[in-house]
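The values are calculated or read from the model by the stated rules, or taken from the named source; none is laboratory data. Note that the coordinates shown come from a computational prediction; the quantities given were computed from them, not determined experimentally. With ideal geometry, Cβ positions are generated from the backbone for all residues, glycine too; neighbour counts draw on all protein chains shown. Only protein heavy atoms, including side chains, enter the accessible area calculation; ligands, DNA and RNA are left aside. Shrake-Rupley method; radii C 1.70, N 1.55, O 1.52, S 1.80 Å.
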Amino acid sequence: LNFGGPGILPQGRFDTSYVVADAFTRTSRRHVLKLGGEYRHFINENFAEGSGVFNFPSVDSFLAATANAFNITVGERRSVIDQRAAGLFVQDHIAIGNDLTLELGLRYEWHVTPTERDDKFVVFDTASGSLVRLGVDTDSGIYEQNNLNFEPRVGVAWNLSSDGRTVLRAAYGRAVDEPGTTDVRDTPGNPPFAAPLTAAGSIPLAGAIDMTRPAGLAPATVDPLFRNASMQSWNVNVQRQLGRELAATVGYSGSHGTDLRISRNINQPVDGVRPFPVVAASSPILPGTTLGIITQVESSGFSNYQAAWVALTKRFSRGLHFDTSYTWSKSLDTNSLNSSGFAVQDGYDIPNQYGLSDFDARHRFVLSASYSLPFTGHPLTRGWQVATVVQSQSGNPVNIVTSNSSLNGAPNTVRPDVTGPIRIIGSVDRWFDPSVFVAADHFGNLGRNVVIGPAFNNTDVSLIKNTRPGGRLGLQFRVDVFDVFNHPNFGPPGNIVGSPTFGKITRTRLPTGEAGSSRQIQLAARLS
């Protein structure tokens, strides 16, 4: 049950970017040499307040006005963050004979450590257990310089047949991400500028803030060894021309991500005791204050992706054009799309988070086609066109969790124990058998994202009539039917053990009214 809020609002940002770039190209008989660079200067102004968020483990708890977790940031947070970066590259396109082409390149990136205009970065120093204001209490940056980013690129295209109809292509590259200012944006929300508070356990609505203050300050911090996320990607494919307008491609692609951003609670209790119960007495800011969750942004995440795919393409001829493909893939990671807060079960065991990505879809088929009907006689029969887009993919994973907030300080992040085989039933009222999942007072043995949710199938069809009423005027009438078969695409089942909706599906995959949520018919006319 969600209402009110969101608890993190109001907030906003103003962004300004300056980019200076130049490139040089020299072409010779067998080489196309390119080199260049760019300088980027990004200024990010932020403001935020917040009304707080209550979490209730059950409807009964909600009716009794007793939450099991509460968090709020008291005070207005403002910051002006400066992020700079510079890059250089060189790349050579080499033609070796008439059948072989090589691409060789190298890029260098320096992502300068961000700064705050008024020295508002406040971090938690684990060595001293203190809150430290950068630029005032210390001259250190919020994290070390990331100035050793080398990104090689190599590619090959090889004509395998004498008739020029079969081509092998392969490539490898490494790319380093320029960190966003969201990595450091929350640190100006620490004292003395604001007070992020958190509490777990029985919390009444009345007087929640007063009760939360002594329960724990919840500062945000950044690992001083924070590194740029990087991705190695590779692919190989063979393309064969089957006719004058038809081509087939078979390929494999993969990637490996390292140093991926993840957020974890570094003040997670060990045997019921927090490593940092209070701010150190020597701290220049709020010495002796009780500490709760300490959310640290760091670079301990990793990912892997493998995919095999086949595609068939027909260029437009005799009124017909289509593109279709099938992909068989598997994506694994430690944290999918985790941009803020933390959602890891055990902050001291990040590899335990490794599992299917939230967006993993083992099978995916796509078809896009259009056909111009071959009628050229009467004005009412000529100019007709039909088009379709078909999408079909297997379901995405669902992470099963409990409402327990005592183990790591955050509800709905700890996984349960599983006592038997996981059985998918597949009905809306009972997508899976919930009896094998048992909430426990320890980190559960269930892996992350092991249950697969409903598949997605959608077909859109368009019927189009083009006509020319005279001169330079063009008139088009069209009927677009989204989800033409009115196929229900369900959202994920409830994933919180013991909740009334556990294992039940209560919504469609997309919000009602969006294409793909139900059949919708759109009529349009265009004069050109």
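Taking 41 Å as R0, compute the FRET efficiency from the Cβ-Cβ separation of S435 and K330 and round it to 0.05.
The pair S435/K330 has a calculated efficiency of 0.90.
Tell me, what is the per residue accessible area of the range 153-205 in Å², probe radius 1.4 Å?
Result: 43 Å² of accessible area for each residue.
Percent of alpha carbon pairs in the range 206-272 separated by more than 21 Å?
64
Would you compute, from DSSP H runs of 4+ residues alone, the mean residue ellipticity of the chain at 222 nm, taking -39500 (n - 2.57) per run and dividing by the full residue count, rounded to the nearest 500?
Rounded to the nearest 500, the figure is -500 deg cm²/dmol.
Name the long-range amide H neighbours of N149: under 5 Å, sequence gap of 5 or more, or other chain; modelled H, no Pro or chain starts.
E109
Using the Kirkwood radius over Cα pairs, work out the Stokes-Einstein diffusion coefficient for the range 109-229 at 25 °C and 0.890 mPa s, in µm²/s as a whole number.
Rounded to a whole number, D works out at 133 µm²/s.
Label the range 268-313 by shape, choosing from rounded, prolate and oblate, from the square roots a ≥ b ≥ c of the eigenvalues of the Cα gyration tensor; if a/c is under 1.5 it is rounded, and otherwise prolate applies when a/b is larger than b/c, oblate when it is not.
Taking the square roots of the gyration eigenvalues as a ≥ b ≥ c, the range 268-313 is prolate.
Which label belongs to the value computed from this structure, given these candidates for Rg and Dmax of the Cα atoms in Å: (i) 28.1, 91; (ii) 25.8, 87; (iii) 23.4, 73?
Entry (i).
Peptides 172-179, 189-196: what's the order by average Cβ count within 10 Å, highest mean first?
For the peptides 172-179, 189-196, the packing ranking is 189-196, 172-179.
Which whole-number percentage describes the relative contact order of the range 404-496, with Cα contacts under 8 Å and a sequence gap of 6 or more?
It comes to 23 percent, rounded to a whole number.
In the range 74-102, whose amide N lies under 19 Å from the spot 7 Å out along Cα-to-Cβ of R315? List them in ranges.
Within reach of a label on R315, which here means backbone N under 19 Å from a point 7 Å along Cα→Cβ, the range 74-102 contributes nothing.
Compare the peptides 111-122, 131-142 by average per-residue count of other Cβ atoms within 10 angstrom and give them in order, highest first.
111-122, 131-142
Per residue of the range 97-114, in order, report the coupling 6.51 cos²θ - 1.76 cosθ + 1.60 (Karplus, θ = phi - 60°) as ³J(HN,Hα) in whole Hz, putting x for Gly and Pro.
Working through the residues one at a time gives x, 9, 10, 9, 10, 10, 10, 10, x, 8, 10, 10, 10, 10, 9, 5, 4, x Hz.
Going from most exposed to least, what order do F456, F485, F62 have by accessible area with a 1.4 Å probe?
These residues rank, largest area first, as F485, F62, F456.
To check my understanding: the extent here is largest minus smallest coordinate of the Cα atoms along each principal axis. What are those three numbers for the range 231-370, in Å, largest first?
Cα extents, longest axis first: 80, 24, 23 Å.
Using alpha carbons only, how many angstrom separate the centre of the range 373-417 from the centre of the range 124-192?
For the range 373-417 versus the range 124-192, the Cα centre distance is 30 Å.
List the residues, sorted by chain then number, that are 5 or more residues from F490 or on another chain and whose placed amide H is less than 5 Å from its amide H.
R509
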